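Trainee: My questions will all concern the structure given below.
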Amino acid sequence: MTHPEYILTLSCLDQRGIVHRVSGFLAEHGCNIIDSAQFGDAESKLFFMRVHFALEEGAVGDAVLRADFEALCMQMGMNGQLHDARAKPRVMLMVSKIGHCLNDLLFRYKSGLLPVEIPAIVSNHMDFYQLAASYNIPFHHLPLATGADAAAKQAQEARVLDLMHTHKIDLVVLARYMQILSPGLCEAMRGKAINIHHSFLPSFKGAKPYAQAHHRGVKLIGATAHFVTGDLDEGPIIEQDVERVDHAMDADTLSAIGRDVECVVLARAVKWFVEHRILQNGDKTVVFK
């Protein structure tokens, strides 16, 4: 018999007895812990915990487990969630004219490496509609002309929000979506949108960052995945990585290396999100790997 599995996540002010109370709660409800991780942050005075467990007591149903866990959270002042470990989060991908991250995520999805459902791909260009079709995923072309006024941008973003609501999206991934999102859309996506960019910021902004980096003789190429906020490219960081480069490499080689790093970093961040391994800690994140 296969038992239902859950992932419990929580954060609260650090205090004695949290692990004891949570593990005791699970034992009392006929649950068996499969994996557990916790972290107490000395700076923020917050405690974070993630527990993967199986519900082995048939007499305890989902509704009872959730109601009793909510009561425990209220008693202890915890911000806690219970997730169905076998449910596949619904992810919407957004892209413009650079497709390496989109292609990589779609391959991982199709191969079963990313346990997600992808009901929609959104783009302000038509470049990747055939790629979307090859994976049998609906492609939504939401154009936004260069220099579009505020009303046009608001209308386009309203369609993005409508797609999120229609498809009950759990996570939006900006897979090189090259549009600055409005503060309102960033707020609507708070905590459920991830962006990827090169890690040269703030040194090499604007067009052709790898050409700028080559001109300056950089020795490291990197990428950063972070949550989307109204502060451009400054949301809580989820994952970063680097590759060493040298003087013999031209700008195109640096760019190719950068694309590879971006793909890997973004894929890690998405995987950790859908596995409920990321908890926000103010302007930072706690990632239980």
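The values are calculated or read from the model by the stated rules, or taken from the named source; none is laboratory data. Because the structure is predicted, anything quoted here is derived from the model rather than measured. Heads up, the Cβs are rebuilt from the backbone with ideal geometry, glycines too, and the neighbour counts pull from every protein chain shown. For accessibility, only protein heavy atoms count, side chains too; no ligands or nucleic acids. Shrake-Rupley method; radii C 1.70, N 1.55, O 1.52, S 1.80 Å.
Trainee: What do you reckon, is Arg216 in contact with a strand residue (DSSP E or B) (Cβ under 7 Å, 6 or more places away or on another chain), farther than 21 Å from Tyr177 by Cβ and not small (Gly, Ala, Ser)?
Mentor: Considered against the rule, which asks whether it is in contact with a strand residue (DSSP E or B) (Cβ under 7 Å, 6 or more places away or on another chain), farther than 21 Å from Tyr177 by Cβ and not small (Gly, Ala, Ser), Arg216 comes out as no.
Trainee: When the residues of region 81-115 are narrowed to those that are in contact (Cβ under 8 Å) with a residue 40 or more places away in the chain and charged (D, E, K, R), which ends up nearest to Ile180 (Cα to Cα)?
Mentor: Here the residue is Lys97.
Trainee: I would also like to ask the following. Select from region 202-240 the residues that are under 21 Å from Gly282 (Cα atoms) and at pLDDT below 90 and list them in ascending order. Spell out the reasoning first.
Mentor: Taking region 202-240 first, the residues under 21 Å from Gly282 (Cα atoms) are 224-240.
Scanning region 202-240 gives Gly230, Asp231, Leu232, Asp233, Glu234.
Trainee: If you don't mind, another one. Select from region 59-80 the residues that are among the small types (Gly, Ala, Ser) and open to solvent by less than 70 Å² (accessible area, probe 1.4 Å) and list them in ascending order.
Mentor: Filtering region 59-80 for residues among the small types (Gly, Ala, Ser) gives 59, 61, 63, 67, 71, 77, 80.
Those that are among the small types (Gly, Ala, Ser) and open to solvent by less than 70 Å² (accessible area, probe 1.4 Å): Gly61, Ala67, Ala71, Gly77, Gly80.
One line per residue, one yes/no per condition, for (1) surrounded by 17 or more Cβ atoms within 10 Å (Cβ to Cβ); (2) modelled with pLDDT under 95:
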{"site": "Arg16", "(1), (2)": "no, yes"}
{"site": "Phe48", "(1), (2)": "yes, no"}
{"site": "Leu82", "(1), (2)": "yes, no"}
{"site": "Ala87", "(1), (2)": "no, no"}
{"site": "Val91", "(1), (2)": "yes, no"}
{"site": "Val95", "(1), (2)": "yes, no"}
{"site": "Gly99", "(1), (2)": "yes, no"}
{"site": "Asn103", "(1), (2)": "no, no"}
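Trainee: Let me ask something additional. Out of everything in region 143-197 that is exposed (fewer than 13 other Cβ atoms within 10 Å of the Cβ) and closer than 21 Å to Ile278 by Cβ, what residue ends up being modelled with the lowest pLDDT?
Mentor: Glu187
Trainee: Hey, another quick one. I need the full set of residues from region 176-225 which are farther than 21 Å from Ile238 by Cβ and among the hydrophobic types (A, V, I, L, M, F, W, C), in order please.
Mentor: If the condition is that a residue be farther than 21 Å from Ile238 by Cβ and among the hydrophobic types (A, V, I, L, M, F, W, C), then Phe204, Ala207, Ala211, Ala213, Val218 are the ones that fit.
Trainee: Additional query: Of all strands (runs of 3 or more DSSP E) completely enclosed by region 1-109, which ones contain at least 2 residues that are hydrophobic (A, V, I, L, M, F, W, C)?
Mentor: It comes to 5-13, 31-41, 46-55, 90-95.
Residue-wise test of (1) in contact with an Asp or Glu (Cβ under 7 Å, 6 or more places away or on another chain); (2) closer than 22 Å to Leu93 by Cβ.
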position: Gly217; (1), (2): no, no
position: Ala223; (1), (2): yes, yes
position: Arg244; (1), (2): no, no
position: Glu262; (1), (2): no, yes
position: Val265; (1), (2): yes, yes
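Trainee: While we're looking at this one, here's another question. Among the numbered conditions (1) more than 25 Å from Lys153 (Cα to Cα); (2) over 17 Å from the mean Cα position of the chain (by Cα), tell me where Pro89 comes up short.
Mentor: Result: Pro89 fails condition (2) only.
Table: residues versus (1) within 24 Å of Lys110 (Cα to Cα); (2) touching a Pro at 6+ places or on another chain (Cβ under 8 Å).
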| site | (1), (2) |
| --- | --- |
| Leu185 | no, no |
| Arg190 | no, no |
| Ala211 | no, no |
| Pro236 | no, no |
| Gln240 | no, no |
| Leu254 | no, no |
| Cys263 | yes, no |
| His276 | yes, no |
| Thr285 | no, yes |
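Trainee: Please go through region 120-146 and pick out each residue that is under 23 Å from Ser182 (Cβ atoms) and hydroxyl-bearing (Ser, Thr, Tyr).
Mentor: Ser123, Thr146
Trainee: Within region 176-196, does at least one residue satisfy the condition of being of a type in the set (Lys, Arg) and without any contact (Cβ under 8 Å) to a residue 60 or more places away in the chain?
Mentor: Yes, region 176-196 contains a residue that is of a type in the set (Lys, Arg) and without any contact (Cβ under 8 Å) to a residue 60 or more places away in the chain.
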